[in-house]
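I have placed the structure first, in the form of structure tokens, so that the comments after it can refer back to it.
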Amino acid sequence: MTALNTEPNFENTDDFYAALLAAHDGLEEPEIHALNARLILILANHIGEQDVLEQALKVATG
């Protein structure tokens, strides 16, 4: 079982956050939700490990 990494793991977090906010610019709320859902599914596919994804869900739902 792979453990979920919750430690900082990439450089330029501020740059990514700015890009994430920019991707939402001009979108209406339903479009924002759709973008977020697509992004989650793309990243979940990249991770590709059910146990890691379930760990992330637990962390996110606190």
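The values are calculated or read from the model by the stated rules, or taken from the named source; none is laboratory data. Just so it is clear, the structure is predicted and the values come from calculations on it, not from any experiment. Reconstructed Cβ throughout: ideal geometry from the backbone, glycine too, with neighbour counts over all protein chains shown. Remember, those area values only see protein heavy atoms, side chains included, never the ligands or the DNA or RNA. Shrake-Rupley method; radii C 1.70, N 1.55, O 1.52, S 1.80 Å.
Data for the structure
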| quantity | calculated |
| --- | --- |
| Probe 1.4 Å, protein heavy atoms only - accessible area per residue of the chain in square angstrom | 87 |
| Crossing angle, helix 50-61 versus the chain [Cα axis fit, 0-90 degrees, rounded to tens] | 60 |
| Protein accessible area in the range 11-62, 1.4 Å probe - carbon and sulfur % | 60 |
| The chain: calculated mean residue ellipticity at 222 nm from DSSP helix runs of at least 4, using -39500 (n - 2.57) | -22500 deg cm²/dmol |
| Cα pair distances in the chain, grouped into 5 Å bins until the bin that holds the longest one, percent each | 4, 15, 18, 24, 22, 14, 4, 1, 0 |
| Dipole in debye (nearest 20) - the chain, about Cα centre, beta carbon charges: Lys, Arg +1; Asp, Glu -1 | 220 |
| Acute angle (nearest 10 degrees) that the helix 13-24 long axis makes with the longest principal axis of the chain, alpha-carbon atoms | 50 |
| Solvent-accessible surface ranking, highest first, for H24, H33 at 1.4 angstrom | H33, H24 |
| Full-extension gain in nm, I42 to D14, via 0.36 nm per residue minus C-alpha separation | 8.0 nm |
| Accessible-area order (highest first, 1.4 angstrom probe) of the listed residues I40, I47, I32 | I40, I47, I32 |
| Cα lying deepest toward the dipole's positive end in the chain, options T6, N45, F16, charges on Cβ | N45 |
